Structures are given as structure tokens and as C-alpha cells.
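Student: This is the structure, below, for whatever I ask next.
The values are calculated or read from the model by the stated rules, or taken from the named source; none is laboratory data. Just so it is clear, the model here is predicted, and its values are computed rather than measured. Neighbour counts run over all protein chains shown; Cβ positions are idealised from the backbone, glycine included.
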Amino acid sequence: MSTLLSKEFMRRLDGISLLLRKPVAGHLRGQHRSRRTGVGMIFADYRPYSAGDDVRNLDWATYMRLDRLVLRMFEEEADTPIYILVDNSASMGRDDSGKFEMAKKFAAVLAYVGLLNHDRVSLISFSEGVVKEMPGRRGKNQMWRAMHFLESLKNEGETHLGNTFRNYFGAGRTRGLVFVISDFLLEQQLEESFRPIFQYGHQVFATHLIDPEEESPNIDGHVVLVDSETREALSAHVTDSTLAAYRSEFDRHLRDTETFFKRSGWGYVSLRTDENFETSALTSLKKEGMFR
Amino acid sequence: MTSIALSSPLFFFLLSGLIGLVVLLFFLRPPVLNRLMPSNLIWKRILGSSRAINERWRWWLSLLLSMLIAACLLFAAFRPVTNGQTDDRSLIIFDNAPSMGALTKDGTSRFNVAKDSLMGYLNSLSKDMQVMLVDTQRQITTPSFGSISQATKTLESLNVGSSLDPLVPSQVGTINVSRKFIYTDGVMIGSVPEDFTVVSVFQPVPNVGITQLSFAAVPSNTQQRQAFIEVVNGGSESQVIEVALTQTKSRLVTRQVELAPYEKLTQIFDVTDFESGPVKASVVSNMDLFNADDVAFGYITAKRQVRVGLVSNNSESKMLTLLGLMPRVVLTSLTYPDYQGLEADKLQFDALVFDGVSVDRKPPIPAIFFGVNSANWSDIPTVPIRSSQLSVETGAIHPVLRNIPMTDLLIESGIVFQPVDGIDPLLTTEGEGVLAVAVPGAVKNILLGFDLDKSNLALLADFPIFLSNSITWLVDEPPILNSKPGTIRLPGDITKVYRIDGVDVPLWFADGSAYFHTRETGLFTGFSSNGPLRVSVSQLDRRFSDINKSNLPSLELSKNFVDPVLNGYSLSFLIGAVTLILLMADWYLYHRRIIQ
């Protein structure tokens, strides 16, 4: 079906469902707890019966005891909009890096699990803004569309999360779960970029992709470092001390990114491209309580 | 005083090397590796903090250095002439001492190297420049500031001089010009004013030369003669040389000797087989770049025995004993009647000695007269000595009085001669007159106005020498005049001077003397009514052969030697050196400007 996910791995994903910490705001039936009461399995409250209510929810035992018609209310299980934003800027796309490939795989996992859980899954690729979008789809049969979308992505441009969020969520999206898959090598401040998310009340789960070559580059001597996004050249004479300083700064960058998401109450996982994707993806998602 | 010099090949070599270095540095620059990075975000953070300020400064400094390097290379390539100074006068002392005639390793002389250098400098000056050229041999009689063309003509007319005492006129030190140069090898020239810039043409070269040459009879055997030759090695390397004395092809003696560096060696040659006449001494060496001192000339005087007739009425006189003891003299004693009885053609003598005998006519052969009471035949007026116990002075330097002080001579009685033209006073007394005279001419005479018995002359230790000198002067050729190249002063009666090859040498007369000029060594003969005068011209002087005694730096010389100081290659060289320094600084910055 797809080159992104193997059949075996998809079979493992069949038994996994998304676990959301907060009630969702979906309008259609789904498998997530909703703030609305209605048809559901979990008892929520009683209320007096009024004409027009579904008589199937009348609590006849209470009527027998109190001689009043009382209606049982259940938490309605609804779907949730899942917005999977895949960073397809140039920094993701080095041939030997694997970050972009891993991002697409990770998005495919999320989309697959979301569609299995009857959630509305939207796929968005972004760089300086929204580049390509697959509108919200429900149902497992939409998986082929999602895979096709992901496979058709090509990386280019600079990363600008703030623009992307304003462009996409400014259109009045239903509050939902926002997966951001990126390397987070941003010129902008994270707080500034994620401000629209805060405003619209979305839940965010950040997936930070790390290339070991970025963490500890194998360069020495006089080099001209060309930024893959901006094409800005930077001459540098790389020495051991320079590399040590770089590694220290990169570690600080990772820590700052993780701290930002944790402090915001959002989920955060980091995936290294040199690790086994299937294992690390599932482990980290389960560890973060996203998968059950 | 500074000494700077640079030949053009050396300059071009250095300039080419510099350019080559620049090109080499360009190709040796670290290869720039372009690395495509996902993002320079982290790199900019770690590099930006330290580079932000320094990089800007480094960039400007690097730009400045690059511009300076480019300017310097342009200046060095086009060799700008610094004629823009306010002072448009140059004072140049040109050393043309004999040592400047030494050859360099290039085969040209120091003189020509200096001349070419100065010519190049003159040609590089602007047309309105005023130049004063002064030489150390006074060939330029009235130095003055003039145009460059005049200086060029003057320079063309200069030659290597012969004076071993080159003179730097003291007045040049007082001339206030900013450009003062002296072109010299620093060997013979004396002190140089401090503010002169020395352009050195000195180059150590091997040299051997003759510094002394003389001939003398062996005291114990008047028939044997010896030549004394002093040779010196003026170079810093040992040399095996051949010393030769040549008169004719058949009369040639040679000897090989080894000379240590700067060694002086005296060699004695037996020249008994040589005839009287000119002799040439020479040294031959495989390594000798100064030929002027390789040849010396001399004359061997007549060595025959002298037949002397002593005319005296005293058969036991001291004169008889003295003359009899002189090895050179073959003595015949005569009485005055015997002498009168002999006809003129029967006088088989070279000289006559009249001891206390007055004659009434002049002898046909040279003679010396002791106790001339009356010498009417000589046309020299005489008067008796008025006082006794006269003290005598020997004023004139005459061959007869050579090496004789005669300070203790006392006279009891006699006559004195009145000075007339054509005679040479030998002994004079204060207030009385001339006691002894020498009469030159074809037949020479020496007249003494006192008897030996009336004086203590015969008792003096100088008397045998006086007698020997007198006989030598009477019978021998005139003494040989040894001189150095240059202007040579001769007696005033010399009317002609010929070189040994027969060429007539121009003479001029001044102050009662005759003069001729020669720049080359050789043999000359002057003629007068008194007979020939041999003149030997040789550079027999140790100073002449010491052509390497210079404190100036040795230089690699070139025919295209160009003024090293104000312009041309030296300035280019300096600019090139500055360029090299700037290049190194830029190279350092090139590394540093990208280093964290």
C-alpha cells in the first residue's frame, strides 16, 4: 500500500489508539471523550425529562422509585481533528539526512492511527507557510490518500512556523490535536511562532527530528557552510574547540526546545534518524502517553 | 654613511621570487570546502559572538593590506624615480685611484663598474638636475655644478689615476646638498665625510705583485751582481707564482715560490750574467686580477772595473793606500812628470786622481783634483781662504755626497770657488764660499780647493765613501731615476725623452725642470748634453698591491649596475621587501579572520 510504512508495522498499529488527555470538541462520533453529552457509554449525569428527549435514555428505575421522569445523560464520544504538520523546508531534506523521510513516516503513522480511530486527519506540509494541504479526512479508507499526499511532498524553502500557523489556523479550524514534525531549526523564537496555537487552544504534540550529523558534524579546517534554506554562506575555520562549542550550543538548542513544549503543557518527542524508526516512534509515543 | 648596492639581476631575481611567492601562496591557500548544512543557525550563534566586531575590522584591514600590496607591487615593477625632491643638486665623488683598475670576477674593472653605475644614475636623473663630479686623482681640475650632460662628458674623460694618495677635497664636505655619493672600492681612499652615501664597487680578488726591485753588486766581489725582488700576495688565498727576471731571451732567470695569504717574500736572483741595461721583472700567477703590479722595470748599471790613475808627487800618500784597497779600482800611480809625458791618447785610464798636483790644462778624461791652488783651465774664479779651521756644510744632494754627512770636516787652508753657472757646489763654508765643486759635462771633474794634508778629510770615516762616490760619478752613467707612474720630474737639461720602444714622450718645462707624464709603467731614457738619463717607472709600493684592504661590503657586480640609493632597483627592492612583509601580515590575517 505504501512505501512509507511496512505492512507488518501497519499491522502493529492496528491495535493502537490515540489517547487524549482532554475532552475533544469533535462533532462527529468518534472514540474520544467529548464535553458534550449524548449517546455514549460513559454515564455523565441526570436531568429532568423534557418533551422530545430520547425515551431510550429514561431511567426507569428512578421513575419507579421517585415517580419522576429522569433522563440519563452519557458523555458523547466524538472524533477529534488531527492536524499533522510536516516540515518540508530545505533543512529537512538532505539526501543523507533522512529527516524528511522520517517526518513523512511519522506523519503516516499518526495519520494511520488517526484514521483508524475515526478522527478527522488533516495533513499539511509547510515551510515559509502552508505549502500543501490535505483537508480533513475520516475513515481508514482515506489512508491511501494520506499516503499519496505524503509521498508527493518535496522539501524546499525556509521554515517559518509563525506564518504557517497564522495562515492555517487563522481560517477557523476546529480545536484539535496538532502534530508538528520538524527539526525546529528556526530563526524565530518558538514562543512567537506558537502564539496562534495558544490563541486557538489546540493541543500540540511536537516531534523533533535530529540528525546525528547535525549534532556532531564531521568537518574540519576551513569550510564554507552553506545554509540549505537561505543559501547563506558562512566561512569558518573549524577546530576542535569550535566543534566542542557547536556541540554544546546544539545541546542547549535541544534542551530549550524540549523545555518550551513541556512548559506549555504539550507533548514532545525527539527522534534521531540513526535509530530504528518503528521502534523509536512507537516507544516515544507510548512513553509520552499519546498511544495506547 | 651608508652602503647600499644591488645589481639588476639580483633585483629581478628577488622581484621574480616575490611574484612567484605570491602565486605560490595563492595556490597553497587552504582549499575551501563548501558544506551544505541544514541550517547555519547554531553556527551563527557560536561564530557570531566572537566574529561580529573582529570580522569587520579584519575585513577592512585585509582590504587595506591588499591595496598596499598591490600598490607596492606596482611601484616595484615600474621602479619610480624619486626626482621630486626639493634639492635638485647632486654631489658625486668618483674614486679613480689605482686600485680601481683591479678586475672583478666579471672581467671588467672596478673603475668601469663604478663608471657604468654612475652613468646609469646620471641617466635616471631629471634633466634639470645639477651635478658636481669630483675625482680623487685630481683629473677634474675645477669641479663645479653643471648639467647632467656635462657630468656625463666629464665622467667619460676620467681614467684610472696613478697616485697612491687619492684626495677627497675637504671643500666637498661643506657643500650643502642632500644627495652626496661616493663611488669607490674603499681601498686607497681616505676618510669620507659622514653624510656621503657610499656606493661600493669593492670585490675581493686575488692579486700578487712586485713591491720592490733593486740591483746591487756583491760587496766581496764587484763582478757579481744580485737582484732583489720583493713580491707580495694581496689576496686571501695562497698562490704559487713564478717570478722572472728578463733581459733578453737568453738572459732569463725564473723561480717558483708559494705565497701565503697576504705574505710578503723577498727573493734574491744572481744576475751576474746580465749585461748592464734594462731588466724586466715579472710575476706570473693563475689567479691574478690586478696586472698593474705584475711587472717592474729596472736598470743594471755598468759593473766593469775602473782604471784609475793617481797623479801624486807623494809616493806614500794616504790616497795611494785608499785607492789601492778599493776592489773596484785598478790603480796606477803616476808622478806629475810621468803624467805630463803621456799623450792624451796614451792615457789608458777611466779616471784620474790628482793629489796635490796642479795642472795647467783640463785632462781629457774625468778627474778629481785635491788641492787645486789654481784652476785657470776651468774658468772658475777662485780666492784664497781667509780664515782657518772652517766648518763645512753639505747642502746640495749630489751623488758624490750620497750617504756622507761631512759634518766633521775641518780645513786649514785652501781656496774657495766663486759660484758660476754650470757647476754643482759640493762643500760650502759660511762666509767663505764653495770649497768643492762638481763640474758636470761630457768629461766630468771634481775640484776640491784644499789639500788632504791641509784638512782632516782623509781621516774621516766618510772619506772612502766620498772617494768611491766620486769615482762612480765620474765614470759611471748617471744614476737611474726610479719613479712611479704619473708626472715625472727630470733635470732641466733634459731635452728629449724616449720610451724604450722609441716613442717620443712629450716634455714640458717649468721651474727649471723638465716633466713628462705617463700612466703606465715602463722604461724611459732622457737625453741631455750630460749624457743619457735612465728612468724606470714602476709601481713598487705595497699599498698598490693591497687592493683588498677595504672595509666596504663586497658586492656582486654587474655591467648593468644602476644607482642603488635614490631610485631604481634599490627602492624597488625596499618596496618589494615591504610587500613581502605585508603579504605575510595579510596571510596571517587571512587565517585569523575566519578562525574562532
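Student: Are any residues in the range A:13-36 modelled with pLDDT of 85 or more and surrounded by 14 or more Cβ atoms within 10 Å (Cβ to Cβ), and if so, which ones?
Tutor: Hit for the range A:13-36 is A:Leu13, nothing else.
Student: Here are some conditions: (1) hydrophobic (A, V, I, L, M, F, W, C); (2) more than 30 Å from B:Val271 (Cα to Cα); (3) modelled with pLDDT under 85; (4) crowded, with 18+ Cβ neighbours inside 10 Å. B:Ala344 meets all but one. Which one does it not meet?
Tutor: Evaluating B:Ala344 over (1) hydrophobic (A, V, I, L, M, F, W, C); (2) more than 30 Å from B:Val271 (Cα to Cα); (3) modelled with pLDDT under 85; (4) crowded, with 18+ Cβ neighbours inside 10 Å leaves (4) as the failure.
Student: Now for a different question. For residues that are more than 14 Å from chain B (Cβ to nearest Cβ) and in a loop (DSSP other than H, G, I, E, B), scanning just the range A:74-90, find the one that is nearest to B:Pro38 (Cα to Cα).
Tutor: A:Thr80
Student: Something else now. Please list, ordered by first then second residue, the pairs with beta carbon atoms under 9 Å, 6 or more apart or interchain, first in the range A:230-246 and at pLDDT 85 or above, second among the aliphatic types (A, V, I, L, M) and part of a loop (DSSP other than H, G, I, E, B).
Tutor: Going by the 9 Å Cβ cut-off, the qualifying pairs are A:Leu243/A:Ile219.
Student: Then there is this: Which one of these is surrounded by fewer than 20 Cβ atoms within 10 Å (Cβ to Cβ), over 16 Å from the mean Cα position of the chain (by Cα) and assigned by TED's automatic domain parsing to the domain that holds A:Val86: A:Glu214, A:Glu192, A:Glu229, A:Glu258?
Tutor: From the options A:Glu214, A:Glu192, A:Glu229, A:Glu258, the qualifying one is A:Glu192.
Student: Still on this structure: Just checking, which of B:Leu91, B:Leu41, B:Leu6 is under 30 Å from B:Pro143 (Cβ atoms) and modelled with pLDDT of 75 or more?
Tutor: Just a single option satisfies the conditions, and that option is B:Leu91.
Student: Next question, about the same structure. Could you tell me which of the residues B:Leu36, B:Leu63, B:Leu24, B:Leu73 is surrounded by 15 or more Cβ atoms within 10 Å (Cβ to Cβ) and either at pLDDT 75 or above or within 30 Å of B:Ser124 (Cβ to Cβ) (or both)?
Tutor: B:Leu73
Student: Based on what the data block shows, is A:Ser127 at pLDDT 90 or above, in contact with a strand residue (DSSP E or B) (Cβ under 6 Å, 6 or more places away or on another chain) and within 28 Å of B:Pro38 (Cβ to Cβ)?
Tutor: In short, no.
Student: Separate question: State all residues of the range B:221-232 that are modelled with pLDDT of 90 or more and among the polar types (S, T, N, Q); if no residue qualifies, say none.
Tutor: none
Student: What are the residues in the range B:441-461 that are buried (at least 19 other Cβ atoms within 10 Å of the Cβ) and either in a loop (DSSP other than H, G, I, E, B) or of a type in the set (Lys, Arg) (or both), if any?
Tutor: B:Lys444, B:Gly449, B:Phe450, B:Asp451, B:Leu452
Student: Could you list, in sequence order, all residues of the range A:247-292 that are among the charged types (D, E, K, R), in a helix (DSSP H, G or I) and modelled with pLDDT of 90 or more?
Tutor: A:Arg247, A:Glu249, A:Asp251, A:Arg252, A:Arg255, A:Asp256, A:Glu258, A:Lys262, A:Arg263
Student: Within the range B:360-374, is there a residue that is touching a residue at least 24 places away in the same chain (Cβ under 8 Å), outside any loop (DSSP other than H, G, I, E, B) and surrounded by fewer than 21 Cβ atoms within 10 Å (Cβ to Cβ)?
Tutor: no
Student: Select from the range A:195-236 the residues that are within 15 Å of B:Leu47 (Cβ to Cβ) and either of a type in the set (Phe, Trp, Tyr) or more than 7 Å from every other protein chain (Cβ to nearest Cβ) (or both) and list them in ascending order.
Tutor: Residues satisfying the conditions are A:Pro217, A:Ala233.
Student: Please go through (1) farther than 27 Å from B:Thr382 by Cα; (2) surrounded by 14 or more Cβ atoms within 10 Å (Cβ to Cβ) for B:Pro327 and return the number of the only condition it doesn't satisfy.
Tutor: Among (1) farther than 27 Å from B:Thr382 by Cα; (2) surrounded by 14 or more Cβ atoms within 10 Å (Cβ to Cβ), B:Pro327 violates only (2).
Student: Select, from B:Val168, B:Val199, B:Val172, B:Val177, the only residue that is in a strand (DSSP E or B), assigned by TED's automatic domain parsing to the domain that holds B:Val134 and buried (at least 16 other Cβ atoms within 10 Å of the Cβ).
Tutor: Just a single option satisfies the conditions, and that option is B:Val199.
Student: Modelled with pLDDT of 75 or more, in contact with a Lys or Arg (Cβ under 6 Å, 6 or more places away or on another chain) and either aromatic (Phe, Trp, Tyr) or assigned to a strand (DSSP E or B) (or both): does that describe B:Val330?
Tutor: yes
Student: Looking for whichever is closer than 14 Å to B:Ile92 by Cα, crowded, with 19+ Cβ neighbours inside 10 Å and of a type in the set (A, V, I, L, M) here; the options are B:Met119, B:Met129. Which one fits?
Tutor: None of the others qualify; the one that does is B:Met129.
Student: Same structure, new question: I'd like the residue in the range A:172-186 that is crowded, with 24+ Cβ neighbours inside 10 Å and β-branched (Val, Ile, Thr) and, out of all such residues, is farthest from the other protein chains (Cβ to nearest Cβ).
Tutor: Step by step, filter the range A:172-186, then rank; the result is A:Val178.
Student: Being facing chain B (nearest Cβ under 8 Å) and hydrophobic (A, V, I, L, M, F, W, C) is the filter here; which residues of the range A:239-259 pass it?
Tutor: A:Ala245, A:Phe250
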